[in-house]
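Novice: There's a structure below that I have some questions on.
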Amino acid sequence: MKIGIDQIGLATPAFYLDLVELAKARGDDPDKYTIGIGQDEQAVAPSSQDVVTLGASAADFLSQADRDELGLIVVGTETGVDASKASALYIHALLGLNPWCRAIEIKEACYGGTAALMMARDYVAAHPTKKALVIAADIARYGLNSGGEVTQGAGAIAMLITAQPRLLAIHDDAVVKSGSIMDFWRPVYTDLAIAKGKYSTEQYLAFFQATWQRYSAETGHGVGDFEALCFHLPYTKMGLKALKTVLPEVDEPKQAALMANFEASCRYSRRIGNIYTGSLYLGLLSLLESNPHLQAGALIGLFSYGSGAVGEFFSAEVQPEFNEQLHPAAHQQRLTSRRRLSVAEYEAVFADKVPYAAADYHADPAYFAGSFVLTDVIGQQRQYRRL
Ligand code: COA
């Protein structure tokens, strides 16, 4: 029985920052951002957007039948809105999902989306008539003027996992490696991540090499068997560094084909930035919607990495009806219709955040946009509504 992604949805805030403008404001060469790091634009989330509103928006494609057949909803995130209650429950309410399902949140840095996907795959394998909703949602914040500022971003990917999926079958061939390291983390008192940038880059590459080599030995697959390789993209240059470590394993025409598909997988990330748990799947969506030559049966390799750290390599196969499951024009339109913020506006939006404090809070209605918003926090309870 095939199990995998039947539908996929994308949400990102309605505001963005041009990274050439940010480079100029920070006294950096814009080429460092657009070429050296590989990012052009960055989604900016006002305080009325969080992983609940973005996650619910990304999953708004669900039909009534899908909603009724859900037995599991898992949110993978490292920017949860509560240390106890799962964001999946807020999303469950906003989307009007049936009560007879498990609604939980799962965490392991940027790997959380893949952990959720694999849990959903196992769930459907055990309950083939049921469906599972996976949401990978995050807001990446490193701080104004910080080294990681250029690699911020915000957004969510939602995936409906079913038997006989129409988009992608996820193979049961994953190789996963875990080991406790301190390359990136976020203590609970702050909304700003701490990243040892160079060290996390080295560890990402080491985990990729380790999982890829073991995967290749276990399955017999070589790089040449894959139509495309998708990577977790904290910034697109990171994925490029990983791809370049395996390109010498194939001839030049195949290298060129893999590079072209890698560039197709980077298009959305270049405009949205890092969405942590969702970044690998944003890259996958970008590949599927940007390469008109992709054929059913194509084998795609996926590398997931979450600092801390867990790395996983697995494969997926494009299904015959995949084209009907994609919405490239709508996603392009969503990106092009965003409002560009000046650096000064971005800095003001960045500073206006839900405080780590008991006082009531009211989000600025001037930035209410998207399908769902957080309007207030009253009596330490978050208030959401559909726009
Ligand atoms: N033109 C073109 N390229 C330029 C350039 C210019 N004018 N100036 C610098 N570059 C290149 C550098 O050569 C380097 O490329 P390389 O990595 O291929 O060697 C790249 O731009 C970045 O420059 P660097 O000096 O290393 O940048 P930095 O010290 O500001 O750090 C990050 C960059 C990405 C490490 C930093 O933004 C960061 O820590 N981000 C968060 C890290 C993260 O997301 N970690 C999680 C990983 S899972």
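The values are calculated or read from the model by the stated rules, or taken from the named source; none is laboratory data. Since the model is a prediction, treat every value here as computed from it, not as a measurement. Here the Cβ is made from the backbone with ideal geometry for all residues, glycine too, and neighbour counts use every protein chain on show.
Novice: Of the residues that sit in the stretch 203-219 and are of a type in the set (Phe, Trp, Tyr) and within 15 Å of the ligand (Cβ to nearest atom), which one is nearest to ASP138 (Cα to Cα)? Working first, answer last.
Specialist: Restricting attention to the stretch 203-219, the residues satisfying the condition of being of a type in the set (Phe, Trp, Tyr) are 204, 207-208, 212, 215.
Filter again for within 15 Å of the ligand (Cβ to nearest atom), leaving 204, 207-208.
On the way: TYR204: 19, PHE207: 22, PHE208: 22 Å.
Checked the stretch 203-219; the qualifying residue nearest to ASP138 (Cα to Cα) is TYR204.
Novice: When the residues of the stretch 203-222 are narrowed to those that are surrounded by 14 or more Cβ atoms within 10 Å (Cβ to Cβ) and free of Cβ contacts under 8 Å to residues at least 24 places away in the same chain, which ends up farthest from SER146 (Cα to Cα)? Outline the logic, then answer.
Specialist: Residues of the stretch 203-222 surrounded by 14 or more Cβ atoms within 10 Å (Cβ to Cβ): 203-212, 214-216, 219, 221.
This time we only want the ones that are free of Cβ contacts under 8 Å to residues at least 24 places away in the same chain, so: 206, 216.
Values: ALA206: 25, SER216: 38 Å.
The selected residue is SER216.
Novice: Let me confirm something: among PRO46, PRO13, which residue is in contact (Cβ under 8 Å) with a residue 24 or more places away in the chain, over 17 Å from the mean Cα position of the chain (by Cα), assigned to a loop (DSSP other than H, G, I, E, B) and farther than 14 Å from GLU149 by Cα?
Specialist: Values: PRO13 fails: over 17 Å from the mean Cα position of the chain (by Cα).
The conditions single out PRO46.
Novice: Something else about it: Which of the residues belonging to the stretch 230-260 are under 22 Å from PRO292 (Cβ atoms), in contact (Cβ under 8 Å) with a residue 12 or more places away in the chain and in contact with a helix residue (DSSP H, G or I) (Cβ under 6 Å, 6 or more places away or on another chain)?
Specialist: CYS230, PHE231, LEU233, THR236, LEU243, LYS254
Novice: Name the single residue that is surrounded by the fewest Cβ atoms within 10 Å (Cβ to Cβ) among those in the stretch 183-202 being in a loop (DSSP other than H, G, I, E, B) and within 12 Å of the ligand (Cβ to nearest atom). Steps first, answer last, please.
Specialist: The initial filter retains those residues of the stretch 183-202 that are in a loop (DSSP other than H, G, I, E, B), namely 183, 186-193, 196.
Still in the running and within 12 Å of the ligand (Cβ to nearest atom): 183, 186, 192-193, 196.
Numbers: ASP183: 21, ARG186: 16, LEU192: 13, ALA193: 23, LYS196: 16.
The selected residue is LEU192.
Novice: State all residues of the stretch 236-272 that are within 25 Å of ARG141 (Cα to Cα), basic (Lys, Arg) and within 16 Å of the ligand (Cβ to nearest atom); if no residue qualifies, say none.
Specialist: LYS237, LYS241, ARG270
Novice: Being closer than 24 Å to GLY55 by Cβ and at pLDDT 95 or above narrows it down to one of VAL343, VAL373, VAL318, so name that one.
Specialist: VAL373
Novice: Could we say that SER279 is within 16 Å of the ligand (Cβ to nearest atom), under 23 Å from GLN152 (Cβ atoms) and assigned to a strand (DSSP E or B) here?
Specialist: Working: within 16 Å of the ligand (Cβ to nearest atom): yes; under 23 Å from GLN152 (Cβ atoms): yes; assigned to a strand (DSSP E or B): no.
No: the conditions fail for SER279.
Novice: Does the stretch 18-45 hold any residues that are within 22 Å of GLY239 (Cα to Cα) and more than 11 Å from the ligand (Cβ to nearest atom), and which are they?
Specialist: ASP18, LEU19, VAL20, ASP40, GLU41, GLN42, ALA43, listed by residue number.
Novice: Name every residue in the stretch 228-269 that is under 21 Å from the mean Cα position of the chain (by Cα) and not in a helix (DSSP H, G or I), in order of residue number.
Specialist: Passing the criteria: ALA228, LEU229, CYS230, PHE231, HIS232, LEU233, PRO234, TYR235.
Novice: Limited to the stretch 117-172, what total is found for residues that are within 20 Å of the chain's Cα centre (by Cα), among the small types (Gly, Ala, Ser) and more than 16 Å from the ligand (Cβ to nearest atom)?
Specialist: Matching residues across the stretch 117-172 total 6.
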